[in-house]
1. Filter segment 39-51 down to residues that are crowded, with 18+ Cβ neighbours inside 10 Å and either of a type in the set (D, E, K, R) or more than 35 Å from the chain's Cα centre (by Cα) (or both), then give me how many there are.
2. Scan (1) modelled with pLDDT under 95; (2) closer than 28 Å to Lys643 by Cβ; (3) hydroxyl-bearing (Ser, Thr, Tyr) for the single condition Ser531 breaks and write down its number.
3. Among the residues of segment 476-496 satisfying the criterion of being among the polar types (S, T, N, Q) and in a loop (DSSP other than H, G, I, E, B), which is modelled with the highest pLDDT?
4. Quick check on segment 446-498: of everything there that is more than 24 Å from the chain's Cα centre (by Cα) and under 24 Å from Phe398 (Cα atoms), which residue is least open to solvent (accessible area, probe 1.4 Å)?
5. Just wondering, is there one or more residues in segment 81-104 that are open to solvent by 10 Å² or more (accessible area, probe 1.4 Å), under 25 Å from Asp543 (Cα atoms), aliphatic (A, V, I, L, M) and at pLDDT 85 or above?
6. Find the residue count for segment 282-309, including only residues that are open to solvent by 60 Å² or more (accessible area, probe 1.4 Å), on the phi < 0 side of the Ramachandran plot and not β-branched (Val, Ile, Thr).
7. Residue under question is Gln83, and the condition is that it be assigned to a helix (DSSP H, G or I) and either in contact (Cβ under 8 Å) with a residue 40 or more places away in the chain or farther than 16 Å from Ala105 by Cβ (or both); does it hold?
8. State yes or no: is Glu618 at pLDDT below 90, acidic (Asp, Glu) and crowded, with 19+ Cβ neighbours inside 10 Å?
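The values are calculated or read from the model by the stated rules, or taken from the named source; none is laboratory data. All of these numbers come straight from a predicted model, not from anything done at the bench. Cβ placement follows ideal geometry from the backbone for every residue including glycine, while neighbour counts extend to all protein chains displayed. Side chains included, ligands, DNA and RNA excluded: accessible areas come from the protein's heavy atoms. Shrake-Rupley method; radii C 1.70, N 1.55, O 1.52, S 1.80 Å.
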Amino acid sequence: MAAESDLANEISPVDFIQLQEYLEYSRIKVKDAMKEFHAGGKLVHHRFGDHIDATGFSLFLKNYLEVDDFPADLCQRLYQYFQRSERSGRDQSPHRKDGGVSLKAVSCYFSILEDGNPRDKLEYTFKLYDKDDNGLLDSKEVDKIVTQMMQAAEYLGWDVTELKPVLQDMLKAIDVDNSGTVTHREWIQGGLNNIPLLVLLGLKVAEKDGQHVWQLKNFNRPTYCFVCQNLMLGLRKQGLSCNVCKYTVHSSCANKNHTPCVRTFVRSKTEIGCSVHDWISADCESNKCEICHKKIKILTGKSCVWCRRMRHSDCVPLGSSHCDCGRLQHHVLPPWAICAMDQADSGNSLGENYLVNMNSDGHFLQIFPVKDTHPLLVFVNPKSGGKQGKRVLRKFQFLLNPRQVYNLDNGGPNPGLQFFQNLHQYRILVCGGDGTVGWILDAIDKADMVIRPPVAILPLGTGNDLARCLHWGGGYEGSDLTEILKQIEESTLVQMDRWSLQVIQADLADDGDPLPNDIINNYFSIGVDASIAHQFHVMREKDPQKFNSRARNKLWYFQLATSETISASCRNLKECLSIECCGVPVDLSRLSLEGVAVLNIPSMHGGSNLWGETKSAERLKKWQEVTVDADALEMCSQDMNDKLLEVVGLESVVEMGQIYTGLKSKAHRLVQAAHVTIRTYKTLPMQIDGEPWMQPPCTIYITHKNQANMLMAPSAKTLGFFLK
């Protein structure tokens with residue numbers, strides 16, 4: 001059991017949560033930040049032996065967490081926490097000055113909390129505590145490691161009364177030769193075979209088929225361990241749950257013999273197309289068995305991973321073994337459609353991303369199409385929508401085959417596109433914002449695919465103008481994902497124009513920002529709205545932890561818009577640029593504009609239709625390359641697949657707000673054309689699909705590139721989504 005002093009020395013839950021928010025946005029590893037305390041580092045004069053002083057600790061946090069204004073009170077409490085922790089664990093150090101803290105304790109604590117590879121963390125921890133650098137850990141050094149891991153685990157939500165004996169038993173087992181010391185090899189091999197320790201160190205994905213993908217979980221209703229069959233007890237996170245099959249165990253039972261996770265592919269060509277149930281222990285309580293139709297009691301049932309049918313354990317062999325994948329059969333890529341092949345047998349050029357689609361034996365995984373299905377290739381941006389992306393990723397890993405669900409943080413979209421290249425009938429679901437959708441469409445272009453799959457969107461985060469136009473809504477609010485999959489099945493195929501943007505700078509010596517993208521999917525704008533977006537972008541880059549929620553981001557936008565209303569930094573924009581469409585100049589002299597927007601879709605600024613509606617009876621029937629006449633423009637409708645762009649003028653931030661709230665029907669229609677040329681004469685804020693930058697004087701050419709296959713939901717979403 002953990003000593004009372006261990007728990008009394010912990011920082012408060014509020015402090016810990018605040019610290020976790022900073023860690024989530026940090027891109028620096030603790031081992032790299034700690035180099036500043038070594039010879040030649042900027043902070044070496046704050047180090048005294050194995051300790052650092054209060055100023056050095058504060059500077060370390062600012063450098064490591066990439067913030068200039070880390071709260072001083074939180075820094076002080078963290079510093080005092082490490083002091084209290086050390087006093088309870090060992091004698092005072094003669095090297096300490098002004099109550100310094102242990103460099104190793106700080107390093108170990110933060111290395112455990114940050115994301116990273118478990119093996120790298122084991123390596124780092126060993127080197128950190130091998131004080132005499134002899135390649136061995138003695139019993140005291142091992143005890144210190146356990147203490148630090150216990151302290152980190154406490155606020156990660158573990159039940160430490162259960163964890164400590166698990167770690168102690170692990171460390172005894174690691175010492176294979178019972179020498180009383182642990183070698184580097186024993187530490188790495190033993191650590192990599194201990195599941196609770198690996199989850200604590202950040203294990204996120206299974207390396208082998210049949211290996212569970214564990215996650216710490218707090219069960220909000222009575223739940224039983226499938227290994228020892230006892231109830232999960234505790235007020236905090238009581239155990240582990242597999243993201244893929246929902247197999248639940250106590251942390252102490254995770255290393256014991258248990259049912260393997262589901263298979264995700266077959267190993268022999270003879271198994272291709274053999275659709276059989278995959279039964280696993282499951283929480284089937286109060287559900288009826290499909291064979292005997294009686295209620296299933298606790299710990300007496302099994303569920304098929306693919307079709308979700310349930311049977312008593314004794315009834316499993318009594319029914320048919322055939323599996324039809326249930327109600328998600330058109331979306332699931334079942335294991336009998338994926339086979340492990342030698343590279344020579346596959347006949348495919350693997351490319352640089354082949355490792356992602358290989359099994360642990362080094363065989364290449366290849367898909368063999370299932371007749372009359374349209375498997376779904378899911379891409380999830382885990383950073384979209386705060387923590388929404390991570391939750392959606394876990395949910396789809398459970399609903400579908402994990403082999404068809406890709407975390408975009410792990411190699412981007414290319415591995416998934418390559419894996420599905422043999423299929424002629426499949427769909428793509430992009431879970432993220434408009435920027436993520438653009439990333440996937442770009443990857444499809446570059447892959448030069450013979451068949452371009454249609455793309456649906458699960459909008460995460462704010463904005464999501466493209467998702468709104470395609471009726472997927474303005475943002476996912478946590479509804480049942482099976483309903484989203486049903487919407488995809490009922491969706492219709494539409495074409496969407498995509499446009500190339502070329503910027504030729506007037507003077508290459510001018511210092512401007514790099515162009516964020518050269519393809520327009522949604523819109524391009526210059527002036528007032530781009531200025532607000534650029535200010536927001538600069539602030540978020542400086543302090544990303546302040547922009548981690550949808551509501552907070554909207555408040556920041558409102559504040560910046562208010563400031564822009566007062567400053568009017570883009571007034572008299574018509575004097576700073578000229579517009580020409582298909583060789584026809586656009587007259588801006590009669591208007592007082594602060595912004596110009598070039599539109600491909602009827603949504604901007606998170607739901608504003610700047611072009612406005614055109615009654616069907618008034619619409620022009622004939623396609624025209626360019627329309628500039630004011631009366632004719634009133635009859636021009638907007639369509640995302642007509643190979644035409646719409647250009648509008650914005651008078652002010654106030655007008656933008658009026659259009660968003662419906663007080664005004666549209667902005668000033670300037671022109672509708674097949675290609676647009678804009679010349680600017682001073683440095684101006686610009687944005688393309690929400691990505692802003694500052695651009696020196698230049699000439700901008702916008703021309704049609706191609707069309708993308710998109711999926712439109714059958715109707716405007718309301719359940720589980722917000723529209724504005």
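1. Pass one, segment 39-51, residues crowded, with 18+ Cβ neighbours inside 10 Å: 43, 46-47, 51.
The next check asks that each one be either of a type in the set (D, E, K, R) or more than 35 Å from the chain's Cα centre (by Cα) (or both); those that pass are 46-47, 51.
Residues that pass the stated criteria total 3.
2. Of (1) modelled with pLDDT under 95; (2) closer than 28 Å to Lys643 by Cβ; (3) hydroxyl-bearing (Ser, Thr, Tyr), only one is false for Ser531: (2).
3. As a first pass, look at segment 476-496 and keep what is among the polar types (S, T, N, Q): 479, 482, 487, 491-492, 495.
Within this subset, residues satisfying the condition of being in a loop (DSSP other than H, G, I, E, B) are 479, 491.
Values: Ser479: 86, Ser491: 94.
Across segment 476-496, the extreme among qualifying residues is Ser491.
4. So, considering only residues that are more than 24 Å from the chain's Cα centre (by Cα) and under 24 Å from Phe398 (Cα atoms), the one least open to solvent (accessible area, probe 1.4 Å) is Ser491.
5. no
6. Final tally of qualifying residues: 9.
7. Values: assigned to a helix (DSSP H, G or I): yes; either in contact (Cβ under 8 Å) with a residue 40 or more places away in the chain or farther than 16 Å from Ala105 by Cβ (or both): no.
Taking the combined requirement at face value, the residue does not satisfy it.
8. Values: at pLDDT below 90: yes; acidic (Asp, Glu): yes; crowded, with 19+ Cβ neighbours inside 10 Å: no.
No, not satisfied.
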